[in-house]
Amino acid sequence: DAEEYQPPIWKSYLYQLQQEAPRPKRIICPREVENRPKYYGREFHGIISREQADEILAGVEGAYILRESQRQPGCYTLALRFGNQTLNYRLFYDGKHFVGEKRFESIHDLVTDGLITLYIETKASEYISKMTTNPIYEHIGYATLLREKVSRRLSRTKNESRKASVTSEENTPVEKITSLVRRAALTQNDNHFNYEKAHNFKVHTFRGPHWCEYCANFMWGLIAQGVRCSDCGLNVHKQCSKYVPNDCQPDLKRIKRVYCCDLTTLVKAHNTQRPMVVDSCIREIEARGLKSEGLYRVSGFTEHIEDVKMAFDRDGDKADISASIYPDINIIAGALKLYFRDLPIPVITYDTYSKFIEAAKISNPDERLEAIHEVLMLLPAAHYETLRYLMIHLKKVTLHEKENFMNAENLGIVFGPTLMRPPEDNTLATLNDMRYQKLIVQILIENEDVLF
């Protein structure tokens, strides 16, 4: 039962090792060194050989000095004593100090982090290599039985917003459940549009002790100990991130805007089938603009379109785009086109772009239609659903061609470069592909009932 569930006891072996790691000991140069770089302190010993560095550091675990290379003047080396030997690392500075990927404010922090890493990798290399083989992520976060039990508890408020759902469970035994289990429960319970989404991991520095939510092991080091998903907040080791399934459930608190946000991220965060911008704009256009001459071709005022964009970014699906605020329907049409143009990954994704272009080049109409249908099946689910809904709408626009003068070909000219862009920013390739982009959208509109 969820009420009897106890969170996992985090594996503390690596944390204990970090506490045992040697501490850095700065060996100060007894003389004043000329031409010492201003960003180094008295641990800088000038131009000395490896052998001299070894003598200075001998017998003092964790001791370190900086030296200038004899062979390459102007190049600097960190000499560090660890495991009864002197290790030499090429040292760099670009506003921060580094010998590898990690950058540090001070040499002392760099050495501290290095000693921790060396010590843990020396003492626990076999343990580290096996960390991903028995993850808690599968056994706790996504255990089917537990997930279903927790979901039943949370389903009492299934018709309320996610915020209300979580709030209503405060001060109950469900608080025992880890964030991982809670996330799984909410995913199962609330998200009816089960689109697959990869996590958006970025290197992160954790303040204070932190444990990986995949393997339950300590994330060691001073900075950049692991990665965090910027969409849902999942914290894992960099190596563990390769094994986490594509089950990201974005948190609305982390999604700061609507425009320029990844399409799948947006719909999962808002728990909608399609981006609310698309639904709201199309609903407004179909209510009062289908007979508007030059619909989608005639531009609205840029300032007003930017106002609509800011309204969606600020208010989400509560944004007011009614005729009383924006009487010109071309402003709403412009805002919809801008949303598609601003997507970091177009509706017709970079991965499928070349396949669509190749399909458009097929001369036989039946074969071409079949090829386009096959490529459509490769689109991510949220992209496919958004494209399907848009094509149904554009088909309705063409049914009023006598009033709006917009047929499928005209709409293809407008929406081709809006919905699909080549992966590389190549102007020549874009110009060469424009007629095929137009043709693809034209075919999608004319055959939406067959293709979707």
- line: Here the residues within region 286-311 that are closer than 20 Å to Tyr389 by Cα and assigned to a loop (DSSP other than H, G, I, E, B) are Gly289, Leu290, Lys291, Leu295, Tyr296, Arg297
task: For Gly294, work out the one condition from (1) outside the structural domain of Pro417 (by the TED database); (2) more than 22 Å from Ile392 (Cβ to Cβ); (3) surrounded by fewer than 20 Cβ atoms within 10 Å (Cβ to Cβ) it doesn't fulfil.
output: (2)
Subset of region 25-68 [part of a loop (DSSP other than H, G, I, E, B) and closer than 15 Å to Thr86 by Cβ]: Ile27, Glu43, Ile48, Ser49, Ala58, Gly59, Val60, Glu61, Gly62
- request: Please work out if Ala287 is among the hydrophobic types (A, V, I, L, M, F, W, C) and open to solvent by 30 Å² or more (accessible area, probe 1.4 Å).
  value: yes
- prompt: Do any residues in region 18-39 that are assigned by the TED database to the domain that holds Leu91 and open to solvent by 20 Å² or more (accessible area, probe 1.4 Å) have Cβ atoms under 7 Å from those of residues that are of a type in the set (Val, Ile, Thr) and not in a helix (DSSP H, G or I), where the two are at least six apart or on different chains, and which pairs are they?
  reply: Lys25/Val60; Ile27/Ile65
query: Going by the conditions given, is Tyr389 assigned by the TED database to the domain that holds Glu358, under 23 Å from Arg288 (Cβ atoms) and of a type in the set (Phe, Trp, Tyr)?
result: yes
- prompt: If we scan region 328-341, do we find a residue that is over 24 Å from the mean Cα position of the chain (by Cα), open to solvent by 80 Å² or more (accessible area, probe 1.4 Å), of a type outside the set (Lys, Arg) and farther than 27 Å from Asp425 by Cα?
  reply: no
query: Looking at (1) in a helix (DSSP H, G or I); (2) open to solvent by 90 Å² or more (accessible area, probe 1.4 Å); (3) in the same structural domain as Arg274 (by the TED database); (4) of a type outside the set (S, T, N, Q), can you tell me which one Gly316 breaks?
result: (2)
- request: For residues that are at pLDDT 90 or above, over 18 Å from the mean Cα position of the chain (by Cα) and of a type in the set (A, V, I, L, M, F, W, C), tally how many sit in region 216-237.
  value: 5
message: Residues that are closer than 15 Å to Pro37 by Cβ and without any contact (Cβ under 8 Å) to a residue 40 or more places away in the chain: does region 56-66 have at least one?
response: yes
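One residue is enough: does region 387-408 have a residue meeting the conditions among the basic types (Lys, Arg) and either buried (at least 19 other Cβ atoms within 10 Å of the Cβ) or touching a Ser or Thr at 6+ places or on another chain (Cβ under 8 Å) (or both)? Spell out how you get there, then give the answer.
To start, the set of residues in region 387-408 that are among the basic types (Lys, Arg) comprises 388, 395-396, 402.
When the remaining residues are screened for being either buried (at least 19 other Cβ atoms within 10 Å of the Cβ) or touching a Ser or Thr at 6+ places or on another chain (Cβ under 8 Å) (or both), the result is none.
Checked region 387-408: no residue is among the basic types (Lys, Arg) and either buried (at least 19 other Cβ atoms within 10 Å of the Cβ) or touching a Ser or Thr at 6+ places or on another chain (Cβ under 8 Å) (or both).
Do we find that Leu369 is in the same structural domain as Ile443 (by the TED database), over 21 Å from Thr264 (Cβ atoms), assigned to a helix (DSSP H, G or I) and open to solvent by 20 Å² or more (accessible area, probe 1.4 Å) in this structure?
Values: in the same structural domain as Ile443 (by the TED database): yes; over 21 Å from Thr264 (Cβ atoms): yes; assigned to a helix (DSSP H, G or I): yes; open to solvent by 20 Å² or more (accessible area, probe 1.4 Å): yes.
Considered against the rule, which asks whether it is in the same structural domain as Ile443 (by the TED database), over 21 Å from Thr264 (Cβ atoms), assigned to a helix (DSSP H, G or I) and open to solvent by 20 Å² or more (accessible area, probe 1.4 Å), Leu369 comes out as yes.
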message: Name the single residue that is farthest from the chain's Cα centre (by Cα) among those in region 412-431 being without any contact (Cβ under 8 Å) to a residue 40 or more places away in the chain and under 13 Å from Leu444 (Cβ atoms).
response: Gly412
- line: Per the filter on region 100-138, residues in contact with a helix residue (DSSP H, G or I) (Cβ under 9 Å, 6 or more places away or on another chain) and open to solvent by less than 30 Å² (accessible area, probe 1.4 Å) are Phe104, Ile116, Ile120, Ala124, Ile128, Met131, Thr132, Pro135, Ile136, Tyr137
- request: Give the residues of region 82-99 that are in contact with a Gly (Cβ under 9 Å, 6 or more places away or on another chain) and either among the aliphatic types (A, V, I, L, M) or open to solvent by 30 Å² or more (accessible area, probe 1.4 Å) (or both), sorted by residue number.
  value: Asn84, Leu87, Tyr89, Val99
message: Within region 108-120, does at least one residue satisfy the condition of being of a type in the set (Gly, Ala, Ser) and within 22 Å of Lys238 (Cβ to Cβ)?
response: yes
- line: Of (1) at negative phi; (2) surrounded by 18 or more Cβ atoms within 10 Å (Cβ to Cβ), Glu61 fails just (2)
message: Out of the residues in region 387-436 meeting the condition of being in a loop (DSSP other than H, G, I, E, B) and of a type in the set (Asp, Glu), tell me which one is modelled with the highest pLDDT.
response: Glu424
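The values are calculated or read from the model by the stated rules, or taken from the named source; none is laboratory data. Treat the numbers as computed from the prediction; the structure is a model and nothing was measured. Cβ: placed from backbone, ideal geometry, glycine included. Neighbour counts: every protein chain shown. With ligands, DNA and RNA removed, areas are computed over all heavy atoms of the protein, side chains included. Shrake-Rupley method; radii C 1.70, N 1.55, O 1.52, S 1.80 Å.
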